[in-house]
Amino acid sequence: MALLLAGAGVLILLARVEPSGQFYFPRCWLQQMTGLECPGCGATRAVHAVLNGEFARAWRLNALVVTALPLLAW
């Protein structure tokens with residue numbers, strides 16, 4: 001039960017706060033070290049966009065995550 005509440009809290013926070021520029025959202029260490037984007041780059045911002053109904057923006061940020069979200073939700 002606590003895990004569900006924590007997950008819901010994270011989703012509410014992610015829906016309300018833009019992830020870029022916030023210190024409490026994770027940053028891609030690979031991009032910081034090399035400047036290259038990994039397959040997960042943009043995932044947090046894409047989930048934020050999906051939670052706010054901005055599906056086209058989410059697709060541009062990370063199509064892999066947007067495609068996988070229904071499977072992850074299931």
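The values are calculated or read from the model by the stated rules, or taken from the named source; none is laboratory data. All values reported here derive from a predicted model rather than from experimental measurement. Virtual Cβ from ideal backbone geometry, glycine too; neighbours counted across all protein chains shown. What goes into the accessible areas is simple: the full protein's heavy atoms, side chains included, and nothing from ligands, DNA or RNA. Shrake-Rupley method; radii C 1.70, N 1.55, O 1.52, S 1.80 Å.
Worth a mention:
- For segment 19-60, a residue qualifies if it is charged (D, E, K, R) and modelled with pLDDT of 85 or more, and the qualifying residues are 45, 54, 57, 60.
- Entry remark, segment 8-56: residues being touching a Pro at 6+ places or on another chain (Cβ under 9 Å) and within 18 Å of residue 70 (Cα to Cα) number 4 in total.
- For segment 1-30, the tally of residues that are in contact with a helix residue (DSSP H, G or I) (Cβ under 8 Å, 6 or more places away or on another chain) and part of a helix (DSSP H, G or I) stands at 3.
- Scan of segment 51-74 for residues that are closer than 19 Å to residue 10 by Cα, assigned to a loop (DSSP other than H, G, I, E, B) and open to solvent by less than 100 Å² (accessible area, probe 1.4 Å), ordered by number: 52, 53, 54
- Pairing residues of segment 31-50 that are in a loop (DSSP other than H, G, I, E, B) with residues that are open to solvent by 20 Å² or more (accessible area, probe 1.4 Å) and among the charged types (D, E, K, R), at Cβ distances under 9 Å and at least 6 apart in sequence or on separate chains, gives 42/60.
- Among the residues of segment 1-50, those that are open to solvent by 40 Å² or more (accessible area, probe 1.4 Å), of a type in the set (A, V, I, L, M) and within 20 Å of residue 73 (Cα to Cα) comprise 1, 2, 3, 4, 5, 6, 8, 10, 11, 12, 13.
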